[in-house]
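Below is one structure; the comments refer to it alone.
The values are calculated or read from the model by the stated rules, or taken from the named source; none is laboratory data. Computed from a predicted model, the values in this text were never measured in an experiment. Here the Cβ positions follow ideal geometry from the backbone for every residue, glycine too, while neighbour counts run over all protein chains shown. Surface areas here come from the heavy atoms of the whole protein model, side chains and all, with no ligands, DNA or RNA. Shrake-Rupley method; radii C 1.70, N 1.55, O 1.52, S 1.80 Å.
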Amino acid sequence: MNCKNCGNIITGDFCGNCGQKSKSQRINFSYLVGEIPNSIFQLNRGFFYTVKELLFRPGHTIREFLLGKRVQHYKPIGFLLLTTTIYVVTYYFLEKETFFYDMIGGMMEGAEAKDNPIDSSYLDFLHKYQIYLPLVILPLFSFSTYLAFSKSKYNYFEHLVINIYITGQQMLIYLLLGFLFYVNNFLIMTPLLIGFTYNVWTFNQVFNEKKLLTKVGLILLSYLIFIVLVTLIGVIIAIYYIKIK
């Protein structure tokens, strides 16, 4: 058997050259649950290597990870937790509001100007817990990409890993771009556009066996499904809010 990481011939449970396991478990629910203790209590090697790979060849890197080439990469949940922490702590010590905080704050001002109590209350909740927003929507968006790319070989949890890595890297992108664009700047939406472009670029590389136009269509379908799901959830929350009032 050849090592999935370095190609060296393996005779035991681990590669004698790089340390990769001879058998790489396919990513599923039990894999992600088993990863959580390591993500919280251990600092695995490979963080800067993973950042570099996700910067220059994101989709190829993630596809290789899904196929079993994992020994050099920072684990997905740990990567997301660390990049999110770096994002929050950096802004905290610099006494600067995060990009998401500023963006939702601007939306709140618009809702208050229109005297819409439902939108204002809903946005106030998002404003208060804005740092958790990417973490909350990850499972939902991953479900959307899973449905759109349903004919691909990847299961839901593998789609979750794809989007976890993308979101983790986007945190670093937003961290850098947040110093360039502010609420009163007409380019405030630029970080989101760059984040969206990075998302499309990554999916284009992950699903390298499909034609470009097909991939673009499926990516747009993913966002459409996601918008529909979020809208339905928003309607349910609005109805619940009206009833308790």
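A few notes on this one:
- Order of exposure, largest accessible area first, which applies to 60, 159 with probe 1.4 Å: 60, 159
- Across 56, 203, 157, the residue with the most accessible area heads the list, and the full order at a 1.4 Å probe is 56, 157, 203.
- Shown in residue order for the stretch 67-78 are the 3J(HN,Hα) couplings computed by the Karplus curve 6.51 cos²θ - 1.76 cosθ + 1.60 at θ = phi - 60°: 7, x, 8, 10, 5, 8, 9, 6, 4, x, 5, x Hz (x for Gly and Pro).
- Average accessible area per residue (Å²) across the stretch 46-91 - probe 1.4 Å, nucleic acids and ligands excluded: 38 Å²
- A simple spin-label model places the labels of residue 209 and residue 31 1.6 nm from each other, with each point 7 Å out along Cα-to-Cβ.
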